[in-house]
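Everything below concerns the one structure shown next.
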Amino acid sequence: MLAGFIKGTLGFGVGLVSATLLLQLFPAKPTLMILVLPIGLSEVGLLVTTGISWRFLRAHAAFFLLLIPGAILGVLGLLVVSTTALYTVLSGYIIVFLVMQRYESRAYNFVQRPGYGIASGVATGILGGGFGAAGPPAVPYLYLHTRDQPRSVFVSGMAAAFVVPQIVRLPALIVAGRFGVRKFILGGVAAILVLTGLALGSCFRPHIPNDIFEVVVKGVLLLMAGQLMINAIV
């Protein structure tokens, strides 16, 4: 519910926040697999409400197509790497995300380099397929190319970039025999909680100072990154 609430107020955080919080309580791999349903459904809901900008998708077809092989690599990594490696990578991922938020102007200058769209598509797919969270490579690229367009184009682009890896992820996990009835039930319950939090966040958004809320969220994420790194070491 907290992850959904943050998503409703800030527009991001379902995968990142839910994973970092839930991994303090539950085993890493099953948790990251179960999150495929709440993450996927929350992004589909966002696409339904904002619409899909097909013109933007066609203009950046290479980025969105490369999400597919990237997601396959991410799922394979989730299946074969150790839990310690998962904790370490996710902790580093959170730190990179926070650093990029701090140095946005430099990040956007880097995004303009030739070939970043290709690298960003693959990286977004890998992170989306492996962890369900793909903020750092996707946000700067999509923001840069939608600055002169309606905000809905950016929102729908982000939702598409996040939902494609989940569409690849779910059947891949089923074929691998790692997503059975129990995970479907748990994932469905998690999806209901996320969507409830999303609705609450959308209602409260006008009444919450955005800058203060962002600072609180970033502080929580930083604490979680430290805890995940401790889990990896211990």
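The values are calculated or read from the model by the stated rules, or taken from the named source; none is laboratory data. Quantities reported herein were computed from a predicted structural model and do not represent experimental measurements. Note that we place each Cβ from the backbone using ideal geometry, even for glycine, and neighbour counts take in every protein chain shown. Accessible surface areas use protein heavy atoms only, side chains included; no ligands, DNA or RNA. Shrake-Rupley method; radii C 1.70, N 1.55, O 1.52, S 1.80 Å.
Go through ARG169, ARG147 for me and flag whichever is of a type in the set (D, E, K, R), part of a helix (DSSP H, G or I) and either touching a residue at least 60 places away in the same chain (Cβ under 8 Å) or at negative phi (or both).
ARG169
Within the set of pairs 6+ apart or on separate chains, which have a first residue in segment 42-71 that is without any contact (Cβ under 8 Å) to a residue 40 or more places away in the chain, a second that is buried (at least 16 other Cβ atoms within 10 Å of the Cβ) and among the aliphatic types (A, V, I, L, M), and C-beta atoms under 8 Å apart?
No pair meets every condition.
Looking at segment 9-25, which of its residues are crowded, with 19+ Cβ neighbours inside 10 Å and among the polar types (S, T, N, Q)?
THR9, SER18, THR20
Read through the list (1) closer than 26 Å to LEU98 by Cα; (2) surrounded by 13 or more Cβ atoms within 10 Å (Cβ to Cβ); (3) not hydroxyl-bearing (Ser, Thr, Tyr), then give the number of the only condition that ILE233 fails.
Of the numbered conditions (1) closer than 26 Å to LEU98 by Cα; (2) surrounded by 13 or more Cβ atoms within 10 Å (Cβ to Cβ); (3) not hydroxyl-bearing (Ser, Thr, Tyr), the odd one out for ILE233 is (2).
Filter segment 175-187 for residues that are open to solvent by 60 Å² or more (accessible area, probe 1.4 Å) and among the aliphatic types (A, V, I, L, M); which is modelled with the lowest pLDDT?
That would be VAL175.
Hey, among the residues in segment 188-198 that are aliphatic (A, V, I, L, M) and surrounded by 14 or more Cβ atoms within 10 Å (Cβ to Cβ), which one's farthest from LEU35 (Cα to Cα)?
LEU198
Considering each of SER152, SER156, SER202 in turn, give the residue that is of a type in the set (Gly, Ala, Ser), open to solvent by 60 Å² or more (accessible area, probe 1.4 Å) and within 20 Å of the chain's Cα centre (by Cα).
SER202
Among the listed residues ALA191, ALA159, ALA176, identify the single one that is touching an Asp or Glu at 6+ places or on another chain (Cβ under 6 Å) and of a type in the set (Gly, Ala, Ser).
Testing whether each residue is touching an Asp or Glu at 6+ places or on another chain (Cβ under 6 Å) and of a type in the set (Gly, Ala, Ser) leaves just ALA159.
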